[in-house]
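Chemist: Starting off with a structure, shown below.
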Amino acid sequence: MRASASTAAAFAFAAALALTACDDGGDSVTEDRETGRSGAACRLDGVAVDAVASAAPAAGDTGTVSFTVTNRGAACALDGLPAVNLVAGGTSVKVPADAAAPDRKLTLAEGTAVSFTLTYVRGEADGGRGLAVTTARVTLPGAADTRDFPWSYGDVSLKDGGDGVPDATVGPFQQAGD
């Protein structure tokens with residue numbers, strides 16, 4: 001069986017379309033698997049950060065605050081996990097990372113976004129087992145600058161043990177929309 005020139009051209013065109021459909025057109029968020037691959041750390045003055053909460057309605061309930069980080073400049077690296085400190089009065093307490101959170105390096109291209117989530121258990125107001133949080137202070141890995149977000153989601157419960165650790169965790173970066 002012989003293929004005509006027009007049939008062969010149509011097949012080649014269809015194959016080319018199929019291959020380009022697999023390309024996302026850019027390196028929006030990539031995980032750097034190669035050692036030695038570097039990039040400047042993302043800094044808070046080069047990104048937009050938005051926070052959206054699903055507040056815990058009552059003491060003992062779980063709430064979340066999702067932070068979306070959108071790069072406004074040149075490609076930068078997020079090497080590790082975000083850090084969040086909860087500020088209550090003159091006290092600043094670091095929120096521990098989720099034990100299952102992978103520690104990885106991501107490259108964030110201009111205009112692309114990643115998100116991470118703070119999960120917390122609401123504490124009892126004036127019950128002595130809660131932290132009267134007024135501010136969530138965010139730091140990106142590899143950067144020293146911080147950004148403060150007002151906290152209006154109630155007290156945060158403290159873990160058992162009396163060492164002042166909040167009953168909260170910070171999750172890893174995920175491509176926004178995942």
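Just so it is clear, none of the values below were taken in a lab; they were calculated from the coordinates. Predicted model only: the values in this text are computed from it and were never measured. Heads up, the Cβs are rebuilt from the backbone with ideal geometry, glycines too, and the neighbour counts pull from every protein chain shown.
Chemist: Stretch Thr62-Ala83 to full length: gain in nm at 0.36 nm per residue minus the Cα-Cα span? The partial results should precede the final answer.
Modeler: On the way: separation 21, 0.36 × 21 = 7.56 nm, distance 1.95 nm.
Value of the extension gain: 5.6 nm.
Chemist: On full extension of the chain, what length is gained from Arg72 through Ser152, given 0.36 nm per residue of separation minus the C-alpha to C-alpha distance? Walk me through the numbers before you get to the answer.
Modeler: Values: separation 80, 0.36 × 80 = 28.80 nm, distance 2.76 nm.
My answer for the length gained is 26.0 nm.
Chemist: For Arg129, list long-range residues whose amide hydrogen, built 1.01 Å from N in the peptide plane, is under 5 Å from its own amide hydrogen.
Modeler: Under 5 Å from the amide H of Arg129 lie the amide H atoms of Glu124, each far enough along the sequence or on another chain.
Chemist: A further question follows. Determine ³J(HN,Hα), in whole Hz, for all residues of the range 87-98 in sequence, where each value follows from phi through the Karplus function 6.51 cos²θ - 1.76 cosθ + 1.60 and θ = phi - 60°; x replaces Gly and Pro.
Modeler: Listing the rounded values in order: 9, 9, x, x, 9, 10, 10, 6, 7, x, 6, 4 Hz.
Chemist: In nm, give the distance between the simple-model label positions of Ala51 and Gln175, each being 7 Å from the Cα along the Cα-to-Cβ direction.
Modeler: That separation, rounded to one decimal, is 2.7 nm.
Chemist: Something else about it: Between Asp163 and Lys94, what is the label-to-label distance in nm when each label sits 7 Å out along the Cα-to-Cβ direction?
Modeler: Reported label-point gap for Asp163 and Lys94 is 1.2 nm.
Chemist: Quick one: what are the phi-derived ³J(HN,Hα) couplings along the range 147-153, Karplus 6.51/-1.76/1.60 with θ = phi - 60°, whole Hz, x for glycine and proline?
Modeler: Those phi angles translate into 9, 9, 10, x, 10, 10, 10 Hz.
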